[in-house]
Structures are given as structure tokens and as C-alpha cells.
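Data first, discussion second: the structure below is written as C-alpha cells.
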Amino acid sequence: MLLVDGASSIAGDLPRKATTVLDVPVEAGDALGTDVHRLSALKQVRELIASEMRAETIVIGGDCSVTVAALDAIDHDDIAVVWCDAHPDLHTPETSPSGAFSGMALSAILGEGEPQLALSPGIDRGRVVLVGARVIDDDEAEPLSRLTQLNVEDLDDVDALANAVAATGASRVWVHIDVDVLDPAEIAGVSTAAPFGITASALSAALRALRSRVPLAGATIAGFAPRTPVDAVDDLGAILRLVAAIA
């Protein structure tokens, strides 16, 4: 429900005519015999997102699983994925300590994990750039080592992200932002804050430089879960800065 509140608070500052609101299921859902919690609800969300996907759509709200649904709904053969997240989300049902699909989202984009949710074909790992990951579980270390990574300090060079995406050879890019990639001093409304994150200004500058060189296929801003209306208001400046950088 905090994610619903977060999406609603952002929607209030978006142009109404350009915004489509999807009412996602909030019931518990069912694992359907798998090791992925709420699989039935995740499949409903995937259908909702697929019904509204257009070129250069920006998906706002929810957790990291919405990016998997969005990419599944478009032609992603020529796409690079920029994954901005404090967590790499490289678990599979076999390694996940929680069963939450949000922690498996990037694995699913690579075509791995639960077949009902993983992309088929998956995005080639050579076209994935991970930005700002700093909370890494042991089971994620090996798959993470096979991806291109940029840490917080790398974004001191405003062109570092654009250079990394250009090196993939992809003709378009999808940008995923879990707002916990930002430093806790910049945003409070996240489920699990991770210190030593990126500033909104540094990430926005890197995204603008990226867009000037590689066409945007679409984007996701996920993970905003303010605990109070006051928190939502305090955080919106940073989030709207990111929206402006990709919109």
C-alpha cells in the first residue's frame, strides 16, 4: 500500500492528459505452486501494463517487477538496460531469501528464474549496465561479476553512463530507476535505505547525457514508498528531477 501511495503522490505532479493510471491488484495473490510470492497478482499486473505500453512509455510506481512487465510488452532485441538500484536484484527462486519477485527482477530480464515471468528471449548480459548497486547478497556476487557496473563515484564523470551504454552497441536504451539508488539524505520514502548513494543531481546529469546519445525506449521509476504524506512531499523534488531527466 505504501507503493500505491507513492505512485499516487507522483501522479499529482504529472500532466493529467499524458498520464494513464492503472489500478493494480492489492490482494495477497497466490504463488501458484512456485517459489515466487504473489505470482498470480504479478501476472495480472503484467497484463495491465502490456495493455497500455506505447513507445517511450515511462512507468511510474510499484516495485522493480514492473520493469520486467514493461520490457516483456515491447520489442527488446536492440535494447540496452540501465539498472539504477541499490540492490542488483539478481536472485532466482532458488536463492531468494524472501520469495519476493522484486529481488529477482534483473535475473528475469536476463531470461533466468521463474519461466512464467522471465523474458524469453532475455536481454543479453552484455547489454546491461548496473548503476549504484551497493547492497549485494552472497548469491548475487557471481552473476553480478558478469555485468558492467558503475559505482557512485563513477558518475562524477557525467559521460560515464552514456559511454558504457554506447559500448554495448544497442540502438535504444531502457532506464530503470529504483529510487533507493539515491542517497538517504536525498530521499526517505524507500523500503530499505542504503547509505552512500547517488545524488539526484548526479544521476539526472548522467541520464541527460545518455539521452543525448542513445534514444530512449522507455523508463521505469519504482520503489517510492513514503510512510507519511509529509515524507512524500519532502521527497517529490528529487523524484521529479529524475522524471524531468528522462521525460
- Task: Assess whether Val4 counts as being among the β-branched types (Val, Ile, Thr) and either farther than 30 Å from Phe196 by Cβ or modelled with pLDDT of 95 or more (or both).
- Result: no
- Failed item in (1) closer than 18 Å to Ile10 by Cα; (2) modelled with pLDDT under 95; (3) among the hydroxyl-bearing types (Ser, Thr, Tyr), with Ser204 passing the rest: (2)
- Message: Regarding region 93-112, can at least one residue be identified that is farther than 26 Å from Leu207 by Cβ, buried (at least 20 other Cβ atoms within 10 Å of the Cβ) and not hydrophobic (A, V, I, L, M, F, W, C)?
- Response: yes
- Query: For region 165-185, what are the residues that are surrounded by 19 or more Cβ atoms within 10 Å (Cβ to Cβ) and without any contact (Cβ under 8 Å) to a residue 60 or more places away in the chain?
  - Reply: Leu182, Asp183
- Message: Can you find a residue that is hydrophobic (A, V, I, L, M, F, W, C), touching a Leu at 6+ places or on another chain (Cβ under 7 Å), in a helix (DSSP H, G or I) and closer than 21 Å to Val66 by Cβ anywhere in region 139-155?
- Response: no
- Pull up region 61-116, narrow it to residues that are among the hydroxyl-bearing types (Ser, Thr, Tyr) and farther than 16 Å from Pro143 by Cβ, then point me to the one that is nearest to the chain's Cα centre (by Cα). Thr67
- Task: Could you pull out the residue among Thr220, Thr228 that is among the polar types (S, T, N, Q) and closer than 19 Å to Thr67 by Cα?
- Result: Thr220
- Message: Looking only at region 186-201, filter to residues that are surrounded by fewer than 20 Cβ atoms within 10 Å (Cβ to Cβ) and small (Gly, Ala, Ser); which one of those is nearest to Cys64 (Cα to Cα)?
- Response: Ser191
- surrounded by fewer than 21 Cβ atoms within 10 Å (Cβ to Cβ), assigned to a helix (DSSP H, G or I), out of contact with any Ser or Thr (no Cβ under 6 Å at 6 or more places or on another chain) and of a type in the set (A, V, I, L, M, F, W, C): does that describe Leu119? no
- Mind counting the residues in region 203-218 that are farther than 17 Å from Thr168 by Cβ and crowded, with 21+ Cβ neighbours inside 10 Å? 1
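Would you mind stating whether Val59 is of a type outside the set (Asp, Glu), in a strand (DSSP E or B) and surrounded by 13 or more Cβ atoms within 10 Å (Cβ to Cβ)?
So Val59 fits the description; yes.
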- Among Ile74, Ile49, Ile60, which is the only one that is free of Cβ contacts under 8 Å to residues at least 40 places away in the same chain and touching a strand residue (DSSP E or B) at 6+ places or on another chain (Cβ under 8 Å)? Ile49
- Would you be able to tell me the number of residues in region 1-41 that are surrounded by 15 or more Cβ atoms within 10 Å (Cβ to Cβ) and basic (Lys, Arg)? 1
- Every residue from region 191-247 that is of a type in the set (Val, Ile, Thr), under 25 Å from Ala80 (Cβ atoms) and assigned to a loop (DSSP other than H, G, I, E, B): Thr199, Val214
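The values are calculated or read from the model by the stated rules, or taken from the named source; none is laboratory data. Bear in mind the structure is a predicted one, so any value in this text is a computation, not a measurement. In this analysis, Cβ positions are derived from the backbone assuming ideal geometry, glycine residues included, and neighbour counts consider all displayed protein chains.
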